[in-house]
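Okay, so here's the structure we're looking at.
The values are calculated or read from the model by the stated rules, or taken from the named source; none is laboratory data. Bear in mind the structure is a predicted one, so any value in this text is a computation, not a measurement. Every residue, glycine as well, gets a Cβ built from its backbone with ideal geometry; the counts of neighbours run over all protein chains shown.
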Amino acid sequence: MNQKGIPQVVIILIIVGVLVVAGGIYWWQKVKFTTLPMPTSPSITVLSPNGGETLKIGLPYSIKWEITGDAAEKFIVVSLIDGPTTGIIYNNWQPEDVNSSYNWPLESVMGFTQDHPIGIKIQPGNYKIKIVFYDHMPCLGPSVCPPSPSAQAKIIAEDTSNMSFSIMEPEQTASWKTYQNEKYGIELVYSLIKDYRRNFDEPNGYPNGFFNIAAQGNLNGQPIAVIDDYVKPDDYAIKKYFGNNPVITRLTIDGQKARMVTSGNPQDDEAWIIIKYPKPILIKNLSTNQEETWAFAFVVIYTSRLFANDIVDTIRFLNK
């Protein structure tokens, strides 16, 4: 060990030579000792929030930490702890993605996993940040594990905020708006807070960049009666957008059967909310050249699962 506690490797360089002189042959060697520092084990220090800060739901914040030592090929998990709501905020899925900060979109929900596909509501209160380094990708919950874990992940460094910080409710009057759509017969309340994760500069038809609405569930001119005949894991559209292992959650919205479809990968942001109408809604079918009115069984809301909880909690049918 040197004075800083860094392990050293001693390299012995031996040079062997032959010297021919009168009267015989003599062997000689030169030995040289040198030392090289070994890579240091990584350590991590939480920089912010580190105690005393006040954070408001709906605004972005930067979680920062300092890394020393060898952080290559490591996995990092950032969690919210010691408060009313606990869960994972961030983790790197590839070992080369280790960095020293994360821009946290402090939304009203967090912790998207297969076990919580529409997230967990963040409650106001006092919290701390915990950051953990692993040598392998860890399991992040009962159903979120590496596809083929080669070894059990071991903690190699960790740190926690020195003191608690506060999370407060957003300014409600400025961040929520009621949306009515008479064509599709629904009403909901949605957030005006910008989606910092997806950063919708071009909303592509989503009102304010947060959701889109369609009527679905008509087969050969007739409404589909059973919601599970429409929302199926092997459906082409569901597999296209959510992969081979979509998460389908059973819900009841305004007294009607509903389903939430999300990806099994918690990093994927898309969410579909499908609700059975109290009675089929009649809408002109624009997919044909003829003036036809079809009866549709379901209303579908396409959104980010950052906002899915808020939307689900506020949907109402206008004409029951």
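Just give me the residues in region 45-85 being at pLDDT below 90 and of a type in the set (A, V, I, L, M), in sequence order.
Result: Ile57, Leu59, Ile67, Ala71, Ala72, Ile76, Val77.
Among (1) at pLDDT below 65; (2) not in a helix (DSSP H, G or I), which single condition is Asn208 missing?
Of everything listed in (1) at pLDDT below 65; (2) not in a helix (DSSP H, G or I), Asn208 misses just condition (2).
Looking at the structure I just gave you, is Thr54 assigned by TED's automatic domain parsing to the domain that holds Ile156, within 12 Å of Ser166 (Cα to Cα) and surrounded by fewer than 18 Cβ atoms within 10 Å (Cβ to Cβ)?
Against the criterion (assigned by TED's automatic domain parsing to the domain that holds Ile156, within 12 Å of Ser166 (Cα to Cα) and surrounded by fewer than 18 Cβ atoms within 10 Å (Cβ to Cβ)), Thr54 qualifies.
Here are some residues: Ile238, Ile224. Which one is over 20 Å from Asn309 (Cβ atoms), assigned by TED's automatic domain parsing to the domain that holds Tyr179, in contact with a Gly (Cβ under 6 Å, 6 or more places away or on another chain) and of a type outside the set (Lys, Arg)?
Ile224
Asn265 versus (1) within 29 Å of Leu106 (Cα to Cα); (2) surrounded by 18 or more Cβ atoms within 10 Å (Cβ to Cβ); (3) not hydroxyl-bearing (Ser, Thr, Tyr): which is the lone unmet condition?
If we test Asn265 against (1) within 29 Å of Leu106 (Cα to Cα); (2) surrounded by 18 or more Cβ atoms within 10 Å (Cβ to Cβ); (3) not hydroxyl-bearing (Ser, Thr, Tyr), just (2) comes out false.
Mind listing whichever residues of region 251-285 are aromatic (Phe, Trp, Tyr) and farther than 14 Å from Val312 by Cβ?
Tyr277
Would you pick out the residues in region 120-134 that are under 17 Å from the mean Cα position of the chain (by Cα) and more than 24 Å from Asp159 (Cβ to Cβ)?
Lys121
For region 225-247, give me each residue that is out of contact with any helix residue (DSSP H, G or I) (no Cβ under 8 Å at 6 or more places or on another chain) and of a type in the set (A, V, I, L, M).
Ala225, Val226, Ile227, Ala237, Ile238, Val247, listed by residue number.
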